[in-house]
Amino acid sequence: MTGAPADPLGTAAATPGQADHSGSLLAGDPLPIELAGLATVTLRDALVISDLHLSAGAPATLARFLRFCAEEAAAHAELLILGDLFEYWVGDDTLNADDDEVSRQVAAALRRLSDGGVQVYVMHGNRDLLLGAGFLRATGARLLADPCVATLGARQVLLSHGDAWCTRDVEYMRFRTTVRQAATQRQFLAGPRAARLAFMGAARAQSEAGKQAKAIDIMDVTPAEVDRALRAAGLTLLIHGHTHRPAVHRFALDGAPAERWVLPNWDFDTAAGAPVRGGYLAATSDGLRRVELAP
Ligand SMILES: [Mn+2]
């Protein structure tokens with residue numbers, strides 16, 4: 001064979017004759033935006049979680065997640081993570097980085113589940129939309145498209161992270177469009193890890209500052225967008241995360257009863273005496289059930 005190896009990222013020309021260890025993707029891996037997530041999935045006995053925001057800065061939440069994997073999730077057929085498993089993700093080379101032990105612990109916990117017969121599914125959140133093929137290989141997880149449709153016995157449920165419906169936050173929607181473009185992801189992932197971490201740190205600081213200035217209700221989903229998504233899917237049952245407003249909303253959609261189940265975010269790193277938060281939905285052919293986790 002005399003031909004050059006496949007180079008879908010187009011990085012070879014920039015670094016001729018030299019392996020590029022700065023990028024996060026292995027040669028041949030598609031960009032995260034180009035990964036084909038599952039549009040449909042059939043569930044038997046699933047636990048559904050989202051918005052854990054795992055990072056070194058939240059050790060109690062990490063510990064609770066690792067215990068959740070070993071105890072609660074291990075006893076079920078499927079584990080679904082509907083986005084923002086991580087507080088941020090700058091590329092799959094995180095799994096090899098000296099500065100990040102948390103990602104390896106999380107990946108190892110998911111790998112143990114996969115090896116033990118639990119099918120793990122992940123959906124991209126807005127914080128970890130750069131989870132890529134390397135992460136999927138390391139964990140055995142399968143990627144879900146956002147949105148996707150899960151079959152639960154006789155019922156079908158629409159699953160989404162939920163940020164796509166926060167349309168009243170015009171500034172965020174503009175940012176979302178940009179970071180979900182292949183060119184943006186390619187350019188970002190080609191940069192050195194230190195630069196990617198610095199960018200992410202600045203973006204998070206800006207996001208925190210912005211949240212305090214924005215009216216509370218523009219951070220929530222737009223009801224009309226939820227209605228539109230359910231109509232498009234032909235469904236009346238929805239599960240999403242992202243908003244950190246756990247609830248079960250019952251409403252009418254074109255005269256039919258509809259339900260929107262919002263997953264809780266996890267926070268076990270609260271000040272002494274303050275309540276912790278975290279939990280999951282158990283999803284079986286019998287229906288949905290909310291479970292709050294004790295510390
Ligand atoms: Mn989110």
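Out of Gly134, Gly117, report the one residue that is away from the ligand (no atom under 16 Å from the Cβ), part of a loop (DSSP other than H, G, I, E, B) and surrounded by fewer than 24 Cβ atoms within 10 Å (Cβ to Cβ). Full working, then the answer.
Values: Gly134 fails: part of a loop (DSSP other than H, G, I, E, B).
Going through Gly134, Gly117 in turn, the sole match is Gly117.
Suppose we filter Pro275, Pro246 for residues that are of a type outside the set (Phe, Trp, Tyr), modelled with pLDDT of 95 or more and either crowded, with 16+ Cβ neighbours inside 10 Å or closer than 20 Å to Leu52 by Cα (or both); which single one remains?
Pro246
Please work out if Leu143 is within 16 Å of the ligand (Cβ to nearest atom), outside any helix (DSSP H, G or I) and not polar (S, T, N, Q). Outline the logic, then answer.
Values: within 16 Å of the ligand (Cβ to nearest atom): no; outside any helix (DSSP H, G or I): yes; not polar (S, T, N, Q): yes.
Criteria not met by Leu143.
Quick one: count up the residues across segment 50-66 that are within 14 Å of the ligand (Cβ to nearest atom) and touching a strand residue (DSSP E or B) at 6+ places or on another chain (Cβ under 6 Å).
Of the residues in that region, 1 qualify.
Hey, Gly153 hits all of (1) surrounded by fewer than 20 Cβ atoms within 10 Å (Cβ to Cβ); (2) on the phi > 0 side of the Ramachandran plot; (3) in contact with a helix residue (DSSP H, G or I) (Cβ under 8 Å, 6 or more places away or on another chain) but one; which does it fall short on?
Just one mismatch for Gly153, condition (3).
Are any of the residues in segment 148-155 within 16 Å of the ligand (Cβ to nearest atom) and either modelled with pLDDT of 95 or more or touching a Phe, Trp or Tyr at 6+ places or on another chain (Cβ under 8 Å) (or both)?
So the first thing to find is which residues in segment 148-155 are within 16 Å of the ligand (Cβ to nearest atom), and the list is none.
Among the residues of segment 148-155, not one is within 16 Å of the ligand (Cβ to nearest atom) and either modelled with pLDDT of 95 or more or touching a Phe, Trp or Tyr at 6+ places or on another chain (Cβ under 8 Å) (or both), which makes the answer no.
In this structure, is Gly83 within 30 Å of Thr178 (Cα to Cα), touching a residue at least 40 places away in the same chain (Cβ under 8 Å), of a type outside the set (A, V, I, L, M, F, W, C) and within 16 Å of the ligand (Cβ to nearest atom)? Working first, answer last.
Numbers: within 30 Å of Thr178 (Cα to Cα): yes; touching a residue at least 40 places away in the same chain (Cβ under 8 Å): yes; of a type outside the set (A, V, I, L, M, F, W, C): yes; within 16 Å of the ligand (Cβ to nearest atom): yes.
So Gly83 fits the description; yes.
The values are calculated or read from the model by the stated rules, or taken from the named source; none is laboratory data. Keep in mind that what you see is a predicted model, and the values were worked out from it rather than measured. We place every Cβ from the backbone using ideal geometry, glycine too, and count neighbours over all the protein chains shown.
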